[in-house]
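Single-structure report; data block below.
Please treat every number below as a calculation from the coordinates, not as lab data. This is a predicted model, so every value here is computed, not measured. Note that each Cβ is placed from the backbone with ideal geometry, even for glycine, and that neighbours are counted across all protein chains shown.
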Amino acid sequence: MLISASEWVLGDRPTAIRRARAAGFEAIELDATPGVDVPRLAESLADAGLAVPSLCWAWNSEDELGSPDPESRRRAQRYLLGSLELARELGASQLVTLPACRKVAWSLDETRMHGIERAAASISEVLADAPAEVSLALEGLRREESFLMNSLADADVLRSMIDDDRVGLVADVYHLAYEELDPIASLQRFEDVITLVHLAEPARTPLLATSPGVDTLVDRLRAMPGVRSATLEFEVGDDDAALAASAEFARTI
């Protein structure tokens, strides 16, 4: 399993690439930034010896795939297509995708299902013209971050509505610990459609060999057939030693 650092938690892009390389990573999950100078970025990654197996959706509550506002959805669709094209150029096989980036619903008469239905339609339209070699990985978030899609079951409803083999799920252990009644059982239930894993302790601290319950988690991850890569997405501040220690542990998964 390929283990990635996360640009999102390591600082600006040059800093994240430098820290990932210094910690011994072979890959990094970058923020999806369509319009970036791809040759220059590719050169920086090559110099650092880092592959890019996945890109991550940039947080934006104005442009949302599930929004009731058609213009908001269109902007989100343009971002989605641009991110998928960027992923292809960088050799990434997956894009972490968020249908909404807000804590509360758009209006009092909104239902979550309406938002998921709109997101499914928006994504399906984009996939018709998107690079065939890049997949989506739908991520549910803690409800304190987003109201629309929280659990693996929620994300799987959206995946089923899209009904495209290029769409799978992200299993983010940080979010699962909060939203799932039994995180390990949920991993097993959806193991055939989980294609990407984000690793952190429930407090978003580094996952290590000494983390409570880590042996059970590792056993489950090793048995999951569809996982292409795992991203270490925890907060370490400037503690590069903790980053390197978690990277060393993750390579044993």
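Note that the stretch 123-139 has calculated 3J(HN,Hα) couplings of 5, 4, 4, 5, 4, 4, 10, 8, x, 5, 8, 10, 9, 9, 10, 7, 10 Hz, one per residue in order, obtained from phi through the Karplus relation 6.51 cos²θ - 1.76 cosθ + 1.60 (θ = phi - 60°); glycine and proline are x. Cα centroids of the stretch 37-92 and the stretch 195-253: how far apart, whole angstrom? Distance between centres, Cα-based: 24 Å. Using only side-chain charges placed at the Cβ, +1 for Lys and Arg and -1 for Asp and Glu, the dipole size of the stretch 2-250 relative to its Cα centre rounds to 100 debye. Considering only Thr111, Thr33, Thr231, the mean-square fluctuation computed in a Gaussian network model of the chain, springs between alpha carbons under 10 angstrom, is largest for Thr111.
Phi angles across the stretch 31-41 convert, under the Karplus curve 6.51 cos²θ - 1.76 cosθ + 1.60 with θ = phi - 60°, into 3J(HN,Hα) values of 5, 7, 10, x, x, 5, 6, 5, x, 5, 5 Hz, Gly and Pro given as x.
Solvent-free Debye calculation, one equal scatterer per alpha-carbon of the stretch 152-247: log10 I(q)/I(0) at 0.17 Å⁻¹ equals -0.75.
Evaluated on the stretch 1-129, the Kirkwood hydrodynamic radius is 15.7 Å, with distances taken between all distinct Cα atoms. Computed from the alpha carbon atoms alone, the convex hull of the chain holds 114 Å³ per residue. Judged by the mean number of other Cβ atoms found within 10 Å, the most tightly packed of the peptides 134-140, 176-182 leads the ranking 134-140, 176-182. The relative contact order of the chain, computed from alpha carbon pairs under 8 Å that lie at least 6 residues apart in sequence, is 19 percent. Between the listed residues Ile253, Leu199, Thr210, the Cα displaced farthest toward the positive end of the dipole of the chain, a dipole computed from Cβ unit charges relative to the Cα centre, is found at Ile253. Each of Ala155, Ser107, Ala223 was scored by the projection of its Cα onto the charge dipole of the chain, and the greatest displacement toward the positive side belongs to Ala223; charges sit on the C-beta of Lys, Arg, Asp and Glu.
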